[in-house]
Amino acid sequence: MEKVKILEIKQSVFANNDAQAAALREELKSKGIYLLNLMSSPGSGKTTTLTQLIGTLKDELQIGVMEADIDSDVDAKTIAATGVKAIQLHTGGMCHLDAAMTRQGLEGLDPGELDLVILENVGNLVCPAEFDTGASSNCMILSVPEGHDKPLKYPLMFQVCDTVIINKMDVQPYFDFDLDKCTEYIHMRNPKARIFPISAKTGEGVDALAAWLKAEVITWKGEN
Amino acid sequence: MHELGIVFHVMDTLDDVAKDNGLTQIQSVTLEIGEVSTVVGDYLIDCWQWAAKKRPLFENSKLLVQTLEAVTHCDGCGKDYGTVAHGRICPYCGSEKTWLIKGNELNIKEISAI
């Protein structure tokens, strides 16, 4: 009988993914492609927000979108209707995308001349926060009906996001949503987080968000 | 399933370890999981058993889980306390200026293999 060996591994489960993500980020940087990882709960208005952002930016930037879902292609169809390049990724039952899946998705999108690729991650505030996708920046959408205490309940998500979009501001009068408290809670998790209150439905605040994103893409490309 | 994704990542990492060390059969894998890592050990084991059947290197392998205690430090009074029992508010001085020292780990500790 062969001898059983004990091997000490002493490695984080995320170490390989983190290394793959770092390599992908560097590669995208050298190609001048900005990848935005957009996360949120289901129903926060990711696709509607994207539709608005694309409408504002599509004459200035070449945009592509990767829609990640467990199943269906309804979101990719909605985005494709705006005229930008869109593909649907299926995670095969998994609750998040990792760096390897993101790379595969990018190959499918064939981003060649694109300036900005937006990855619409699976709707979930837990798992996507743990897996670095290789994105240039992490952004999440919190919508007013979800409540201002979400940063307390899902700390990691708010810790890893550089930008928080607060959507559905048009319905704020009907909910007990306190924007000041929400801002305070977000900054407890990440003092540097930028916050954009918007309404994807009315278009309120979308210009400021679009201007920030455009500046990010230009800075990213300029640093080459 | 969060835990399923983690199982795949562990197995992918160990595929490389097996290749580098000439291993043909992994018998057991020990993971260290922090108390507040948001990973549920029992679910991990269920996912492991399902996934192991599909990959010859892991056939009949066992997943062992060791829990690491979570400890939070308070900047208000300088003391450390158990995170699971007391959460984010310091039980000694009531300060909210606290941060996690440990308990968020998710490590592959060791494996036994032939």
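The values are calculated or read from the model by the stated rules, or taken from the named source; none is laboratory data. A quick note: this is a predicted structure, and the numbers were derived from the prediction, not measured. All Cβ positions, glycine included, derive from the backbone under ideal geometry; neighbour counts span all protein chains shown. Please note that ligands, DNA and RNA were not included when accessible areas were found on the heavy atoms of the full protein model with its side chains. Shrake-Rupley method; radii C 1.70, N 1.55, O 1.52, S 1.80 Å.
Quick one: which of A:N167, A:N138 is polar (S, T, N, Q) and more than 22 Å from A:V84 (Cα to Cα)?
Numbers: A:N138 fails: more than 22 Å from A:V84 (Cα to Cα).
Answer to the selection: A:N167.
Return a yes/no flag: does segment A:123-131 have any residue that is acidic (D, E), at pLDDT 90 or above and out of contact with any Lys or Arg (no Cβ under 7 Å at 6 or more places or on another chain).
Looking only at segment A:123-131, we keep the residues that are acidic (D, E), and these are A:130.
Then keep just the ones that are at pLDDT 90 or above; that gives none.
There is no residue in segment A:123-131 that is acidic (D, E), at pLDDT 90 or above and out of contact with any Lys or Arg (no Cβ under 7 Å at 6 or more places or on another chain).
Can you report the number of residues in segment B:90-114 which are open to solvent by 40 Å² or more (accessible area, probe 1.4 Å), within 11 Å of chain A (Cβ to nearest Cβ) and not in a strand (DSSP E or B)? Explain how you work it out, then say what you get.
To start, the set of residues in segment B:90-114 that are open to solvent by 40 Å² or more (accessible area, probe 1.4 Å) comprises B:91-94, B:96-97, B:99-102, B:104-105, B:109-110.
Right, trim to within 11 Å of chain A (Cβ to nearest Cβ) and you get B:96-97, B:99-100, B:104-105, B:109-110.
Add one more test, that the residue is not in a strand (DSSP E or B), and what stays is B:96-97, B:104-105.
Here the count works out to 4.
Determine which single condition B:I26 fails, assuming it passes every other condition in (1) modelled with pLDDT under 95; (2) in contact with a helix residue (DSSP H, G or I) (Cβ under 6 Å, 6 or more places away or on another chain).
In the conditions (1) modelled with pLDDT under 95; (2) in contact with a helix residue (DSSP H, G or I) (Cβ under 6 Å, 6 or more places away or on another chain), B:I26 misses (1) alone.
Need at least 1 residues that are surrounded by fewer than 21 Cβ atoms within 10 Å (Cβ to Cβ), of a type in the set (K, R) and within 14 Å of chain B (Cβ to nearest Cβ) per element, so show me which strands (runs of 3 or more DSSP E) inside segment A:1-72 make the cut, counting only ones lying wholly within it. Step through it out loud before you land on a result.
Details: elements: A:5-12, A:34-40, A:63-69.
Where strands (runs of 3 or more DSSP E) fall fully within segment A:1-72 and carry at least 1 residues being surrounded by fewer than 21 Cβ atoms within 10 Å (Cβ to Cβ), of a type in the set (K, R) and within 14 Å of chain B (Cβ to nearest Cβ), they are A:5-12.
Between a residue in segment A:149-178 that is touching a residue at least 60 places away in the same chain (Cβ under 8 Å) and within 9 Å of A:R189 (Cβ to Cβ) and any residue that is open to solvent by less than 60 Å² (accessible area, probe 1.4 Å) and part of a loop (DSSP other than H, G, I, E, B), which pairs come within a Cβ distance under 8 Å, given they are 6 or more apart or on different chains?
A:M157/A:L125; A:M157/A:V126; A:C161/A:N190; A:C161/A:A193
Within segment B:69-82, does at least one residue satisfy the condition of being open to solvent by 70 Å² or more (accessible area, probe 1.4 Å), aliphatic (A, V, I, L, M) and more than 13 Å from every other protein chain (Cβ to nearest Cβ)?
Looking only at segment B:69-82, we keep the residues that are open to solvent by 70 Å² or more (accessible area, probe 1.4 Å), and these are B:69, B:75, B:79-80.
Checking the rest, the ones that are also aliphatic (A, V, I, L, M) come to none.
Scanning segment B:69-82 turns up no residue that is open to solvent by 70 Å² or more (accessible area, probe 1.4 Å), aliphatic (A, V, I, L, M) and more than 13 Å from every other protein chain (Cβ to nearest Cβ).
Please find, within segment B:16-40, the residue that is farthest from the other protein chains (Cβ to nearest Cβ) out of those that are surrounded by fewer than 16 Cβ atoms within 10 Å (Cβ to Cβ) and assigned to a helix (DSSP H, G or I).
In this case the residue turns out to be B:K19.
Residues in segment B:81-89: is at least one under 26 Å from B:V39 (Cβ atoms), free of Cβ contacts under 8 Å to residues at least 60 places away in the same chain and assigned to a strand (DSSP E or B)? Spell out the reasoning first.
Pass one, segment B:81-89, residues under 26 Å from B:V39 (Cβ atoms): B:81-89.
Next, only the ones that are free of Cβ contacts under 8 Å to residues at least 60 places away in the same chain stay: B:81-89.
Those still in the list that are assigned to a strand (DSSP E or B) too: B:81-82.
Taking every residue of segment B:81-89 in turn, at least one turns out to be under 26 Å from B:V39 (Cβ atoms), free of Cβ contacts under 8 Å to residues at least 60 places away in the same chain and assigned to a strand (DSSP E or B).
Within segment B:50-60, does at least one residue satisfy the condition of being surrounded by fewer than 16 Cβ atoms within 10 Å (Cβ to Cβ), in contact with a helix residue (DSSP H, G or I) (Cβ under 7 Å, 6 or more places away or on another chain), within 13 Å of chain A (Cβ to nearest Cβ) and not in a strand (DSSP E or B)?
Filtering segment B:50-60 down to residues surrounded by fewer than 16 Cβ atoms within 10 Å (Cβ to Cβ) leaves B:50, B:53-56, B:59-60.
Okay, now just the ones that are also in contact with a helix residue (DSSP H, G or I) (Cβ under 7 Å, 6 or more places away or on another chain), so B:55, B:59.
Add one more test, that the residue is within 13 Å of chain A (Cβ to nearest Cβ), and what stays is none.
No; the residues of segment B:50-60 include none that is surrounded by fewer than 16 Cβ atoms within 10 Å (Cβ to Cβ), in contact with a helix residue (DSSP H, G or I) (Cβ under 7 Å, 6 or more places away or on another chain), within 13 Å of chain A (Cβ to nearest Cβ) and not in a strand (DSSP E or B).
Pick out, from segment A:81-199, the strands (runs of 3 or more DSSP E) lying fully within it that include 2 or more residues that are open to solvent by 50 Å² or more (accessible area, probe 1.4 Å).
Working: elements: A:85-90, A:116-120, A:137-143, A:163-167, A:194-197.
In segment A:81-199, A:85-90, A:194-197 are the strands (runs of 3 or more DSSP E) which contain 2 or more residues that are open to solvent by 50 Å² or more (accessible area, probe 1.4 Å).
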